[in-house]
There are 2 protein chains.
Amino acid sequence: MTNITMIEAAAQRAQGVARQTPMLSSPFLDEIAGRRVFVKPECLQHTGSFKFRGAWSALSGMAVDARARGVIAYSSGNHAQGVALAARMHGVRAVILMPSDAPRVKIENTRALGAEVVLHDRETDDRDETGARLAAERGLTLVKPFDNPLVVAGQGTVGLEIAAQAGEHGIGTAQVLVPCGGGGLTSGIALALEAHAPDMVVRPCEPEGFDDTIRSLRSGRREVNARRGGSICDAIITPSPGEVTLPIMQRLCQPGFAVTEGDVLRAMALAFERLRIVVEPGGAVALAAALFHAEALPEGDVIAVVSGGNVDQAVFARALGVRG
Amino acid sequence: MTNITMIEAAAQRAQGVARQTPMLSSPFLDEIAGRRVFVKPECLQHTGSFKFRGAWSALSGMAVDARARGVIAYSSGNHAQGVALAARMHGVRAVILMPSDAPRVKIENTRALGAEVVLHDRETDDRDETGARLAAERGLTLVKPFDNPLVVAGQGTVGLEIAAQAGEHGIGTAQVLVPCGGGGLTSGIALALEAHAPDMVVRPCEPEGFDDTIRSLRSGRREVNARRGGSICDAIITPSPGEVTLPIMQRLCQPGFAVTEGDVLRAMALAFERLRIVVEPGGAVALAAALFHAEALPEGDVIAVVSGGNVDQAVFARALGVRG
């Protein structure tokens, strides 16, 4: 189980490697929310999302001989790119198992980061079986996207930075809103803030219809989303919170927010205009909650984590409301 | 005349106020350029451009009684917003003289930052005369956009950060490419690097047809652009380099680059895709030179400054090649 010592050790290992992202703000966003809003833009992290932190933590923290044999991950998205780059920087092999119908550009990007991409057919192949076979044949270590204590520790380094940067801004208490898929980022931040900024309250944010974590925190058991796809927030529509992450969130998090796709697109447009950052839909859910649902929060400052910025041009243009 | 002591003092005064922008990079951009490319994204600065640094330096460095009476600036763009916010943060009045046909959103933004906007008719009014009259009547101090040693000192703080961050990345020698309008940013950075990273070479970058500084460095006198407008790079099409700035650039800069609008739009699209930042056309000229004209540079690392990110949705969509 991840703890603060592991998070601090992950930060040590990431020194000079992971980017320390800044803390952004805009008086225009403050006015919309009716309070101060600070944004932690992990879209500016290597590979465009916080996932690099967890991947780096996993690779730098694993046994040297295991790492030398290489790693494997299942992902068509941000985790794939994070693992690919972390492996390349360690000089070891990464195999990424991707669905054969994944967007060509994502396959190409993952390959360009040095990974070996193995395609599988969603319809006929069992991904876990294919992955397990490859791992066994080649001695690869599986790096799970969130149910891995080292990965959670890496994501928790975002929380260490929030605590330090909030201190510089004179922020002691705050509502910290975090985009939540499997809960690796949310639980990692919650652990870091428990130790370093205990007056901050962490709340997971999700798209409407994919609010498995919010419902799990309410019911006390791992709830599952009815739908598996069909959201623009592809990065965070994990079916249910993790086994490693949910107990941490149950202990440390307050109720979260589900936001509409309309809210998400408006938040992306405001981030473009007022912060000059590129935010992907899934990465915008916490900012959307901060801007458009602040009335549901206790008074005071809000810190919204933007988890990533890997978005297609067409979707981004849709957010900007530019249709030709 | 600005010197390194003034730049270091400006950095002291800006401590905890101006944002320290990160240093970004992407293996995909490195591949395009055929070398390592680092990007200093001042689009992430307060008000979306480096101009806040110079404005803050000018206001924080001026005599207290003069500041208390307020400041005036002429600008419809980034300098206006920088001065407006710096004045508001000092609790003093800012009057911004803007052309009455300036985009409504820019007028509204400047007002929203607390400035009093005075509109003048480009056709019938003499801006300098109107400004001088207002300044005299109200005791306002004019903050020029670049021909002001305190402003140059503020822009030079970008150079201090580049020197420090390059050190962390193990970069000693580098070509430093800077978008150049009146030369405040370029000359400030050149002075800072002369003192703190003397093996770096600073080169101004401009849009084709608006290469007054490049030509001035060549001829040794202040050249003037033939055209006054008609470029998407509105932020940096100053007619000629400044009287304060040109001598500094003559002493410290190497020949610069002029880039096409096509190069600029491609650089904006790559910054969107690979760095997840929003770059305005004028802010992208140095990145465009780094990516598409690296063959004209000596070997080694390149640092490209992105000077701002205040761009209309329609222009940004054009850069992304999305037309509906």
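The table for this structure:
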read-out: Total residues in segment A:80-106, condition farther than 23 Å from A:Val151 by Cβ and at pLDDT 85 or above; value: 1
read-out: Condition broken by A:Ile4, with the remaining ones in (1) of a type outside the set (D, E, K, R); (2) buried (at least 18 other Cβ atoms within 10 Å of the Cβ); (3) in contact (Cβ under 8 Å) with a residue 40 or more places away in the chain; (4) more than 14 Å from chain B (Cβ to nearest Cβ) satisfied; value: (2)
read-out: Odd one out for B:Pro27 among (1) at pLDDT 95 or above; (2) in contact with an Asp or Glu (Cβ under 7 Å, 6 or more places away or on another chain); value: (2)
read-out: Matching option when the condition is within 14 Å of another protein chain (Cβ to nearest Cβ) and either in contact with a helix residue (DSSP H, G or I) (Cβ under 7 Å, 6 or more places away or on another chain) or small (Gly, Ala, Ser) (or both), among B:Gln20, B:Gln15; value: B:Gln20
read-out: Pairs with Cβ under 8 Å, 6+ apart, first in segment B:108-126 and in the same structural domain as B:Ala84 (by TED's automatic domain parsing) and assigned to a loop (DSSP other than H, G, I, E, B), second at pLDDT 95 or above and of a type in the set (Val, Ile, Thr); value: B:Leu113/B:Thr47; B:Ala115/B:Val83; B:Ala115/B:Val95; B:Ala115/B:Ile96
read-out: Residue in segment A:182-216 that is surrounded by the most Cβ atoms within 10 Å (Cβ to Cβ), counting only those that are out of contact with any helix residue (DSSP H, G or I) (no Cβ under 8 Å at 6 or more places or on another chain) and part of a helix (DSSP H, G or I); value: A:Asp212
read-out: B:Ala294 being among the aliphatic types (A, V, I, L, M), more than 14 Å from every other protein chain (Cβ to nearest Cβ) and closer than 30 Å to A:Pro22 by Cα; value: yes
read-out: Failed item in (1) more than 14 Å from every other protein chain (Cβ to nearest Cβ); (2) closer than 30 Å to A:Thr2 by Cβ; (3) without any contact (Cβ under 8 Å) to a residue 60 or more places away in the chain, with A:Val311 passing the rest; value: (1)
read-out: Residue match in segment A:261-279 (condition: closer than 26 Å to A:Thr2 by Cβ and touching a Lys or Arg at 6+ places or on another chain (Cβ under 9 Å)); value: no
read-out: Condition met for A:Cys180 (closer than 19 Å to A:Val39 by Cα, modelled with pLDDT of 95 or more and out of contact with any Asp or Glu (no Cβ under 6 Å at 6 or more places or on another chain)); value: no
read-out: Answer residue from segment B:130-174, given it is buried (at least 24 other Cβ atoms within 10 Å of the Cβ) and touching a Leu at 6+ places or on another chain (Cβ under 6 Å) and is nearest to B:Ile72 (Cα to Cα) among those; value: B:Gln155
read-out: Hits in segment B:32-59 (condition: within 23 Å of A:Glu273 (Cβ to Cβ) and either among the hydrophobic types (A, V, I, L, M, F, W, C) or assigned to a loop (DSSP other than H, G, I, E, B) (or both)); value: B:Val39, B:Cys43, B:Leu44, B:Gln45, B:Phe50, B:Phe52, B:Ala55, B:Trp56
read-out: Selection within segment B:264-290 - farther than 16 Å from B:Pro204 by Cα and more than 14 Å from chain A (Cβ to nearest Cβ); value: B:Ala267
read-out: Residue among B:Glu299, B:Glu295 that is at pLDDT below 95 and either part of a loop (DSSP other than H, G, I, E, B) or at positive phi (or both); value: B:Glu299
read-out: Conditions (1) in contact (Cβ under 8 Å) with a residue 12 or more places away in the chain; (2) assigned by TED's automatic domain parsing to the domain that holds B:Arg138; number of the one not met by B:Ala14; value: (2)
read-out: Some residue of segment B:38-55 being at pLDDT below 95, within 12 Å of chain A (Cβ to nearest Cβ) and within 27 Å of B:Leu193 (Cα to Cα); value: no
read-out: Among residues of segment B:100-115, those that are more than 14 Å from every other protein chain (Cβ to nearest Cβ) and surrounded by fewer than 16 Cβ atoms within 10 Å (Cβ to Cβ), counted; value: 3
read-out: Flag for A:Arg69 being surrounded by fewer than 24 Cβ atoms within 10 Å (Cβ to Cβ) and either in contact (Cβ under 8 Å) with a residue 60 or more places away in the chain or within 29 Å of A:Arg122 (Cα to Cα) (or both); value: yes
read-out: Residues located in segment A:7-54, provided they are of a type in the set (Phe, Trp, Tyr) and surrounded by fewer than 19 Cβ atoms within 10 Å (Cβ to Cβ); value: A:Phe28
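Results for (1) among the basic types (Lys, Arg); (2) surrounded by fewer than 24 Cβ atoms within 10 Å (Cβ to Cβ); (3) assigned to a helix (DSSP H, G or I), shown as yes or no for each residue.
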{"site": "A:Arg222", "(1), (2), (3)": "yes, yes, no"}
{"site": "A:Arg228", "(1), (2), (3)": "yes, yes, no"}
{"site": "A:Ser240", "(1), (2), (3)": "no, yes, no"}
{"site": "A:Gln250", "(1), (2), (3)": "no, yes, yes"}
{"site": "A:Asp263", "(1), (2), (3)": "no, yes, yes"}
{"site": "A:Met268", "(1), (2), (3)": "no, no, yes"}
{"site": "A:Glu273", "(1), (2), (3)": "no, yes, yes"}
{"site": "A:Ile303", "(1), (2), (3)": "no, no, no"}
{"site": "A:Phe316", "(1), (2), (3)": "no, no, yes"}
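The values are calculated or read from the model by the stated rules, or taken from the named source; none is laboratory data. These figures come from a predicted structure and were not determined experimentally. FYI the Cβ positions are ideal-geometry reconstructions off the backbone, even for glycines, and counts take in every protein chain you see.
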